[in-house]
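The values are calculated or read from the model by the stated rules, or taken from the named source; none is laboratory data. As the structure is a computational prediction, the values presented were derived from the model and not from experiment. Neighbour counts are summed over all protein chains in view; Cβ atoms, including those assigned to glycine, are modelled from backbone coordinates with ideal geometry. For the accessible areas, the whole protein counts, side chains as well, though only heavy atoms, and no ligand, DNA or RNA atoms are used. Shrake-Rupley method; radii C 1.70, N 1.55, O 1.52, S 1.80 Å.
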Amino acid sequence: CLKATCDPLTAECGFAATSDGAPCDDLSACTVGDLCLDGGCQGGAAANCADDNPCTDDSCDPDIGCVHLANQAPCNDGDTCTIDDHCQETVCVGGGALSCDDSNPCTDDSCDIHTGCFQTANDLPCNDADACTTFDQCKDGACQGGPAIDCDDSNPCTDDSCDFLAGCVHSHNTALCTDGDPCTVGDNCLDGACVPGSGELKCDDGNGCTNDSCDPVEG
């Protein structure tokens, strides 16, 4: 920003300022567009050291220029199927896999790197949490109950029903029944079993020429 001069009368040498606005170098690598002003070099705008990399801390050293130091900051690796992404050696690396489990046995859970989690309906066997259904199966992403369970225990002394939590229920009744012995009458249910009645079958045919009795099989 100075130019040498010589006085033709005195033959003395000197320096004079060059025109303001001439380009120069202020010897700092951290400025750009340096210009002369009043014989001195004025630093221009700060150098842009941003490298648009979230995994580097950007700064400037006047001697060497831009410096990009690796960091360990959180970042986004561009894959929606990873979590806890972080910087490692100036590169963003994915952490663990994103859990897409929706706790629904009737969907197959997957992940797309662009859109994230998605579920696809399947047709697997399942459990609809109703103990009164059988052969439950997935349909349209939900567990559908199958045919009703058969709770008939072939016991006339129980009333058969089904509880959706406990399953088959056999409640004792007091209905009339047959204990299998034709020689008893008035049989009835007690504590879930058929017990003989208190009466006896009358086998007297009013014929004095026959001996009357009762056979437990024939009657």
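Observations on the structure shown:
- For the stretch 76-108, a tally of residues being among the polar types (S, T, N, Q), closer than 18 Å to A142 by Cβ and out of contact with any strand residue (DSSP E or B) (no Cβ under 6 Å at 6 or more places or on another chain) returns 2.
- Qualifying positions in the stretch 123-136 - farther than 29 Å from A175 by Cβ and either surrounded by 15 or more Cβ atoms within 10 Å (Cβ to Cβ) or among the aliphatic types (A, V, I, L, M) (or both): L124, C126, D128, A129, D136
- Among the residues of the stretch 153-175, those that are assigned to a strand (DSSP E or B) and surrounded by fewer than 12 Cβ atoms within 10 Å (Cβ to Cβ) comprise S161, S171.
- Filter result for D123 (at pLDDT 95 or above, out of contact with any His (no Cβ under 7 Å at 6 or more places or on another chain) and within 30 Å of S110 (Cα to Cα)): yes
- Residue within the stretch 107-119 that is open to solvent by 80 Å² or more (accessible area, probe 1.4 Å), part of a strand (DSSP E or B) and under 30 Å from C194 (Cα atoms) present: no
- Remark: pairs (first residue in the stretch 95-114, within 16 Å of N76 (Cα to Cα) and among the hydrophobic types (A, V, I, L, M, F, W, C); second residue at pLDDT below 95 and in a strand (DSSP E or B); Cβ separation under 9 Å; 6+ apart in sequence or on different chains) are absent.
- Scanning the stretch 184-214 for residues that are open to solvent by less than 80 Å² (accessible area, probe 1.4 Å), outside any strand (DSSP E or B) and at pLDDT below 85 yields a total of 1.
- The set of residues in the stretch 1-45 that are within 60 Å of the chain's Cα centre (by Cα) and either β-branched (V, I, T) or over 30 Å from G65 (Cα atoms) (or both) comprises T31, V32.
- Residues that are charged (D, E, K, R) and not in a strand (DSSP E or B) were ranked within the stretch 131-147; the one that is farthest from G167 (Cα to Cα) is D140.
- Boolean, D150 is assigned to a loop (DSSP other than H, G, I, E, B), open to solvent by 70 Å² or more (accessible area, probe 1.4 Å), closer than 22 Å to V217 by Cα and out of contact with any helix residue (DSSP H, G or I) (no Cβ under 9 Å at 6 or more places or on another chain): no
- Any pair with Cβ under 6 angstrom, 6 or more apart, that starts in the stretch 200-219 at a residue that is within 26 Å of N188 (Cα to Cα) and ends at one that is open to solvent by less than 70 Å² (accessible area, probe 1.4 Å) and not in a loop (DSSP other than H, G, I, E, B): L201/V185
- For the stretch 1-25, the set of residues classified as touching a residue at least 12 places away in the same chain (Cβ under 8 Å), outside any strand (DSSP E or B) and open to solvent by 50 Å² or more (accessible area, probe 1.4 Å) consists of S19, D20, D25, listed by residue number.
- Residues in the stretch 26-83 that are assigned to a strand (DSSP E or B) and of a type in the set (D, E) were compared, and the one that is most open to solvent (accessible area, probe 1.4 Å) is D57.
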